[in-house]
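A.B. asks: There's a structure below that I have some questions on.
The values are calculated or read from the model by the stated rules, or taken from the named source; none is laboratory data. Just so it is clear, the structure is predicted and the values come from calculations on it, not from any experiment. Every residue, glycine among them, receives a Cβ derived from its backbone with ideal geometry; neighbour counts consider all protein chains shown. Just so you know, the surface numbers come from the protein's heavy atoms only, side chains and all, with ligands and any DNA or RNA stripped out. Shrake-Rupley method; radii C 1.70, N 1.55, O 1.52, S 1.80 Å.
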Amino acid sequence: MADAKGQVVGFEAAEGRERIPVRVQRIDDHTLVVPSDAQRLIPTGKLDVAELTDPLLRASQDDGLKLIVQYEGGAGTARAEVRSAGDTRLRRTFPTLDADAIRTPQDDVATVWEALTDQRKSGVRATASAIIAGMEWAADEGADVVNLSLGGPDSPGVDPLEAEVDKLSAENRDGVKVGENADPLSGAKPFTVESTDAEYRLTTSVERSEKVAAASTRIDAGFTFRSRQVAATTALPVSTVRFAAPVDLASRAPADASATIPVTVQGSAAGKNLKSLIVSVSYDDGTTWQLVKVESGRISVRNPAKEKGISFLAEITDKQGNKSTLTIHNAYYGK
């Protein structure tokens, strides 16, 4: 609901969701009202609220939202409720994975969401094999971006999971893979692209041994931007964030103490070209995330417990719509 000036002054919950807590957040001239059961998915990258308002995305969903759902064990109730949610249509089944590909009309999305998020119904989840199968299927169907979260214990060399993700990750031009390499730091192996205007998605991940540096053990970055050939060398419209945490030379800070950390946006979104900046922190190496408020270029956090780490996730959008994400695992430790 909006007032005479167009400012949001309230909202009306969908039927059956009246008791779900919501978080209200204002970014520039936008007001976000996010249910608590969706809130935990945003920092992980599984749900991007900004993307939900994209006109092209909304137009593509005129005939329904496409989903891939995997069931496990006693998920018979959830399976039945998902398939029978209004006019939801079963598009394809994956017997080996025990998964469904469905299309659900906009009016029935809330019913499907309830079937998937109600913790009383066991057996609905996404495993690594199911997620990869879904990514491959989505790529075959012509999807431009597949935004999911995968993780697991590290091992020497490249395991099958890493190899599969590497195959599906790198630089893409309008959804078509341009190339990939294992040398993200030196830039000795550049990508060659066409000169015409296009949207690009560039992802990179760098890990370093604790023998080299105990903190910032892994950094993941992703950039979505438009680019074309220009007359002179020009920096790409990508951004990053610097967290100037007050730590000692060993990247440690007093355990469990309150800390104020300056946050500086660098790159295309710096200064007055910043549209939005969303920051989250994690105390379990990215398994769960908590949103923190950015005020006057600073965030307030609780330092991690002794010998434990804190991780940062920044999501940046500039006023031209270029988007960047940065994840710093174990940025510093408690002492």
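A.B. asks: Rolling a 1.4 angstrom probe over the protein heavy atoms, how many square angstrom per residue are accessible across the range 232-291?
C.D. replies: Working: 3260 Å² over 60 residues.
Ligands and nucleic acids excluded, the figure is 54 Å² per residue.
A.B. asks: Of the peptides 279-287, 200-208, how do they stack up when ordered by the mean number of other Cβ atoms within 10 Å, highest first?
C.D. replies: Working: 279-287: 18.3, 200-208: 16.1.
Answer by packing, highest mean first, reads 279-287, 200-208.
A.B. asks: Can I ask one more? Heavy atoms of the protein only, probe of 1.4 Å, neighbouring chains included. What is the accessible area of SER268 in Å², nearest 10?
C.D. replies: 30
A.B. asks: Same structure, new question: Give the dimensionless ratio obtained when the Cα radius of gyration of the range 259-309 is divided by 2.2 N^0.38 Å. Walk me through the numbers on the way to the answer.
C.D. replies: Details: Rg = 12.8 Å, N = 51, 2.2 N^0.38 = 9.8 Å.
That ratio works out to 1.30.
A.B. asks: Could you pull the Rg and Dmax for the range 182-283, using just the Cα atoms, both in Å?
C.D. replies: Rg, Dmax (Cα atoms, Å): 17.3, 52.
A.B. asks: Just to make sure I understand: if all protein chains stay in place, what is the order of SER227, SER209 by accessible area at 1.4 Å, largest first?
C.D. replies: Working: SER227 30, SER209 60 Å².
The ordering from most to least exposed comes out as SER209, SER227.
A.B. asks: Applying a 10 Å radius around every beta-carbon, put 304-316, 248-260 in order of their mean neighbour count, most first.
C.D. replies: Working: 304-316: 20.9, 248-260: 13.5.
Result, highest mean Cβ count within 10 Å first: 304-316, 248-260.
A.B. asks: For the range 266-295, which trypsin sites (Lys or Arg not before Pro) are both in a DSSP coil and crowded by at most 16 other Cβ atoms within 10 Å?
C.D. replies: On the way: sites: LYS272, LYS275, LYS293; in loops: LYS293.
For trypsin sites (Lys or Arg not before Pro) across the range 266-295 that sit outside H, G, I, E and B with at most 16 neighbouring Cβ atoms in 10 Å, the list reads LYS293.
A.B. asks: Using a 1.4 angstrom probe with every protein chain in place, what is the largest-first accessible-area order of VAL178, VAL301?
C.D. replies: On the way: VAL178 50, VAL301 15 Å².
Final ranking, largest accessible area leading: VAL178, VAL301.
A.B. asks: Take the alpha carbon gyration tensor of the range 215-335, find the square roots of its eigenvalues, order them as a ≥ b ≥ c, and report rounded if a/c is under 1.5; if not, report prolate when a/b exceeds b/c, else oblate.
C.D. replies: Working: a/c = 2.38, a/b = 2.11, b/c = 1.13.
Because a/c hits 1.5 or more and a/b exceeds b/c, the range 215-335 counts as prolate.
A.B. asks: Got a number for carbon plus sulfur as a percent of the range 229-335's accessible area, 1.4 Å probe?
C.D. replies: Working: 2820 of 5560 Å².
Accessible surface attributable to carbon and sulfur in the range 229-335 totals 51 percent.
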